[in-house]
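The structure under discussion appears below in the form of structure tokens.
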Amino acid sequence: MNINIPNGVYPTMVTPYTKAHQVDYAALEPLLRWYEERGVAGVFAICLSSEIFSLSFAERLGILHELMRVRKPETVMLASGHTAYDPATQIREAQAFVAEGIDAYVFISNRFAAKEEDDSVFLRRVEAVARELGDIPLGIYECPVPYKRLLAPDTLRRLTQIGNFCFLKDTCCDIAQMEAKMQAVRGTQLKLFNANAATLLDTLRLGAAGFSGIMANFHPELYAKLCACHQTQPELAERLQSYLGFSSLAECQCYPVNAKYNIQLDGVPIEILSRTRDAATFSQSNRLEIQQLRQITQQMKKELLA
């Protein structure tokens, strides 16, 4: 199967909740439009930013079903939904997601082996599940919860030999490691998407396909511009990188509450509630910081995206 996941930006989509802390399915369409209108290639849904481990399978599948119903045809939909550890459940739940028509199903790397188990165990279990799913596009995500299982370059290369892997959400935050990974999978369909803002420009120059990270919930259009201009407008790319790298300190705030607040400020009708963070801890000072970040972002957009 010839697979081509387009280069660019894939925001890690947040989950909207009602005031009763139930999934707000009605808010999914305006939320998806917010991403789509800002130059992204697609979205990465049902991931850690979506609070995946705090959602039931029915909720995860319900969110995906609604997203697939309302997405624009050109929006690439990547989805994980991968929380189970036992193979039978992994297969059954992945098949349900694939049946929704997603462009690629994304495995979580730490769901195939315990922290103390080596990559041979990981690869054996991945292969067994991938075999049952058949000829479908796959991705792999170095999710930091419950522990971060980073993938060695040789392990990535072997993944491309056992399944149609086309997407890697890399979370190592290390330029040398990412360069080694890209060299290992050169000539295959597997593309590396960097989740780390500070290293993004350097890795784009080395061949990374784009960005898939938290900060695309704050100013995805600036990430899209950086991905598009890094080869042809190097000075602009440097300016964007300096701003994006420094502003990514917002990740250290009360995420994903702060991201929902930022999106809310743009007029999207979502609450700032979360199942993983107490919104009450999102202080007045935190709100002012996000407001000020948004103001600077607007200035950057006027100056650099005109």
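The values are calculated or read from the model by the stated rules, or taken from the named source; none is laboratory data. None of these values were measured; they are calculated from a predicted model. Backbone-built Cβ (ideal geometry, glycine too); neighbour counts: all protein chains shown.
Do we find that ILE91 is within 23 Å of LEU190 (Cα to Cα) and part of a helix (DSSP H, G or I) in this structure? Before you say what the answer is, go through the steps one by one.
Working: within 23 Å of LEU190 (Cα to Cα): yes; part of a helix (DSSP H, G or I): yes.
Criteria met by ILE91.
Criterion first (closer than 23 Å to ILE52 by Cα and either without any contact (Cβ under 8 Å) to a residue 12 or more places away in the chain or not aromatic (Phe, Trp, Tyr) (or both)) does ILE108 satisfy it? Walk me through it before giving the result.
Working: closer than 23 Å to ILE52 by Cα: yes; either without any contact (Cβ under 8 Å) to a residue 12 or more places away in the chain or not aromatic (Phe, Trp, Tyr) (or both): yes.
It is true that ILE108 is closer than 23 Å to ILE52 by Cα and either without any contact (Cβ under 8 Å) to a residue 12 or more places away in the chain or not aromatic (Phe, Trp, Tyr) (or both).
Quick check: anything in the range 151-170 closer than 19 Å to THR83 by Cβ, surrounded by fewer than 18 Cβ atoms within 10 Å (Cβ to Cβ), at pLDDT 95 or above and not hydrophobic (A, V, I, L, M, F, W, C)?
No; the residues of the range 151-170 include none that is closer than 19 Å to THR83 by Cβ, surrounded by fewer than 18 Cβ atoms within 10 Å (Cβ to Cβ), at pLDDT 95 or above and not hydrophobic (A, V, I, L, M, F, W, C).
Just the residues that are within 19 Å of the chain's Cα centre (by Cα), surrounded by fewer than 17 Cβ atoms within 10 Å (Cβ to Cβ) and in a helix (DSSP H, G or I), please, taken from the range 236-278.
Result: GLY245, LEU249, GLU251, CYS252.
Results for (1) within 23 Å of LEU265 (Cα to Cα); (2) small (Gly, Ala, Ser), shown as yes or no for each residue.
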| site | (1), (2) |
| --- | --- |
| ILE3 | no, no |
| THR12 | yes, no |
| LYS19 | yes, no |
| VAL43 | yes, no |
| SER50 | yes, yes |
| ARG69 | no, no |
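Taking LEU78 and the conditions (1) in contact with a helix residue (DSSP H, G or I) (Cβ under 9 Å, 6 or more places away or on another chain); (2) touching a residue at least 40 places away in the same chain (Cβ under 8 Å), which numbered condition does it fall short on, given that it satisfies the others?
For LEU78, the failing item is (1).
Scan the range 36-51 for residues that are buried (at least 23 other Cβ atoms within 10 Å of the Cβ), not small (Gly, Ala, Ser) and not in a loop (DSSP other than H, G, I, E, B) and jot them down.
Within the range 36-51, VAL43, PHE44 meet the criteria.
Quick check: anything in the range 86-100 closer than 24 Å to ARG125 by Cβ and modelled with pLDDT under 95?
no
Restricting to the range 101-113, count the residues that are touching a helix residue (DSSP H, G or I) at 6+ places or on another chain (Cβ under 8 Å) and either at pLDDT below 95 or in a loop (DSSP other than H, G, I, E, B) (or both).
Residues that pass the stated criteria total 4.
Can you find a residue in the range 223-233 that is surrounded by fewer than 19 Cβ atoms within 10 Å (Cβ to Cβ), β-branched (Val, Ile, Thr) and more than 25 Å from LEU133 (Cβ to Cβ)?
The first filter runs over the range 223-233 and keeps only residues surrounded by fewer than 19 Cβ atoms within 10 Å (Cβ to Cβ), leaving 228-229, 231-233.
Remaining after also requiring β-branched (Val, Ile, Thr): 232.
Applying the additional criterion that residues be more than 25 Å from LEU133 (Cβ to Cβ) yields 232.
Within the range 223-233 (the criterion being surrounded by fewer than 19 Cβ atoms within 10 Å (Cβ to Cβ), β-branched (Val, Ile, Thr) and more than 25 Å from LEU133 (Cβ to Cβ)), the answer is yes, since at least one residue qualifies.
Out of the residues in the range 279-306 meeting the condition of being among the hydroxyl-bearing types (Ser, Thr, Tyr) and loosely packed, with under 12 Cβ neighbours inside 10 Å, tell me which one is nearest to TYR17 (Cα to Cα).
Of the range 279-306, the ones among the hydroxyl-bearing types (Ser, Thr, Tyr) are 281, 283, 285, 297.
Pick out the ones that are also loosely packed, with under 12 Cβ neighbours inside 10 Å and you get 281, 283, 285.
Values: THR281: 17, SER283: 20, SER285: 23 Å.
Looking at the filtered set, the residue picked out is THR281.
With the requirement that a residue be more than 17 Å from ALA228 (Cα to Cα) and of a type in the set (Val, Ile, Thr), what does the range 1-42 give you?
The answer is ILE3, THR12, VAL14, THR15, THR18, VAL23.
Which of the residues belonging to the range 14-35 are among the hydrophobic types (A, V, I, L, M, F, W, C), assigned to a loop (DSSP other than H, G, I, E, B) and either out of contact with any helix residue (DSSP H, G or I) (no Cβ under 6 Å at 6 or more places or on another chain) or farther than 30 Å from LEU201 by Cβ (or both)? Working first, answer last.
First, the residues of the range 14-35 that are among the hydrophobic types (A, V, I, L, M, F, W, C): 14, 20, 23, 26-28, 31-32, 34.
In the following step, the residues that additionally are assigned to a loop (DSSP other than H, G, I, E, B) were identified as 14, 20.
Passing the criteria: only ALA20.
State whether one or more residues within the range 131-138 are over 23 Å from ARG111 (Cβ atoms) and either surrounded by fewer than 21 Cβ atoms within 10 Å (Cβ to Cβ) or of a type in the set (Ser, Thr, Tyr) (or both).
Keep residues of the range 131-138 that are over 23 Å from ARG111 (Cβ atoms), which gives none.
No - not one qualifying residue is present in the range 131-138.
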